[in-house]
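Here's the structure, in structure tokens; my notes come after.
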Amino acid sequence: MLGCSEIVGKLKKFSCLIGVSCRNDDITASVAEFDAWPFEEEHRRIIENRKSGTNLTWSEVNNMPYTAKVISETLRRATILPCFSRKASQDFEINGYKVRKGWSINLDVVSIHHDPEVFSNPEKFDPSRFDEPLRPFSFLGFGSGPRMCPRMNLAKLEICVFIYHLINKYTLLIMESTSSGRQIMLGWEYTV
């Protein structure tokens, strides 16, 4: 059985493979807060419909809506790129603030992702907030517009495949929790 630190270490190694950096507490919190049942159900359907011994297909990865929502919610909660900078291509005004052509504009993504006016109850891990389309530019997990992360689809694919194997080869065990519910000791058991 793997302990929490070993799992977080493996998740961090995986995140390095896709060029992503996350803090241990963000990963642990996300793993601890999601309900594993919808994952298991979604992935069990895929296994039941697959011929024995075949690899995961592109079509099957695209048939993981709950997994996609968990990825988006994790990226919202543990924003990888906390801000980005753009250069104003023309003079303009926003809410009384004048911005001149050539000025650098910094967008605070973390503040957007944790703004209660944008995401209700923003500190709660809730993949269902991605059930419906969001307002434009409210979720910036991979940036937005023409400068959006060019590896977004590859990153999502790798994360989906990783989660698929994690869910199907390991069982999540909640070994210990505190009354606050915030600090949870996790364990994973290999279930070949």
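Just so you know, all these numbers are worked out from the coordinates, no wet-lab data involved. On a predicted model such as this, the values are computed, not experimentally measured, just so you know. A quick note on method: Cβ atoms are made from the backbone with ideal geometry, for glycine too, and the neighbour counts reach across all protein chains shown.
Using the Cβ of ASP91 as centre and a radius below 15 Å, the other residues enclosed give a net charge of +4, where K and R count +1 and D and E count -1.
Exposure proxy shown here: for ILE94, ILE46, the number of other Cβ atoms within 10 Å sets the order, fewest to most, as ILE94, ILE46. Exposure proxy shown here: for ARG45, ARG100, ARG129, the number of other Cβ atoms within 10 Å sets the order, fewest to most, as ARG100, ARG45, ARG129. Each principal axis of the Cα atoms in region 60-130 has its own extent, and those three values, largest first, are 46, 28, 16 angstrom. Net length available on complete extension from ASN62 to HIS114 is 15.9 nm, with 0.36 nm assigned per residue and the Cα-Cα distance removed.
Label zone of LEU107 (point 7 Å out along Cα→Cβ, amide N under 16 Å): in region 137-174 this covers 137-152. Set the Förster radius R0 to 41 Å, insert the Cβ-Cβ distance between VAL161 and ARG100 as r into 1/(1 + (r/R0)^6), and round the FRET efficiency to 0.05. E between VAL161 and ARG100, to the nearest 0.05, is 0.35.
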